[in-house]
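Worksheet: one structure, shown below.
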């Protein structure tokens, strides 16, 4: 007899299935940013405003990547870093693996600005 009500996969199960690919994407993004920073740092001319902005942006993204990799290592990746209880939608993580806020906390932050 077919199962009329198949089990719905949990957030944890779906995240576990996608975690290796998400980690690989983060590692690739990390290497890209490290290479970008090395190129910017190797410039022989003094940094102009554009180079400095690129450098600052690359460092900021690299920090977000390192934070996400740290959460993977600690086992709390995919959990909101503001309220610490809500789960970040898998769909969000697939698009932006450095996402750190759940929808409610992201909306609250947007409303506060």
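Rule-based calculations on the coordinates, nothing more; no lab input. From a predicted model like this one, the values you see are computed outputs, not experimental measurements. Backbone-built Cβ (ideal geometry, glycine too); neighbour counts: all protein chains shown.
Brief remarks follow.
- The chain: angle of helix 11-42 to the longest principal axis, Cα-based, in degrees nearest 10: 0
- Principal-axis analysis of the Cα atoms of the chain puts helix 103-112 at an angle of about 50° to the longest axis.
- Each label was represented as a point 7 Å from its Cα along the Cα-to-Cβ direction; for residue 113 and residue 90 these points are 2.9 nm apart.
- Normalised Debye scattering of the chain at q = 0.17 Å⁻¹ gives log10 I(q)/I(0) of -0.90, counting only Cα atoms as equal scatterers and leaving out solvent.
- Whole-angstrom gap from the range 48-105 to the range 21-39, using each part's C-alpha centre: 13
- On Cα atoms only, tilt of 49-74 relative to the major axis of the chain in degrees: 30
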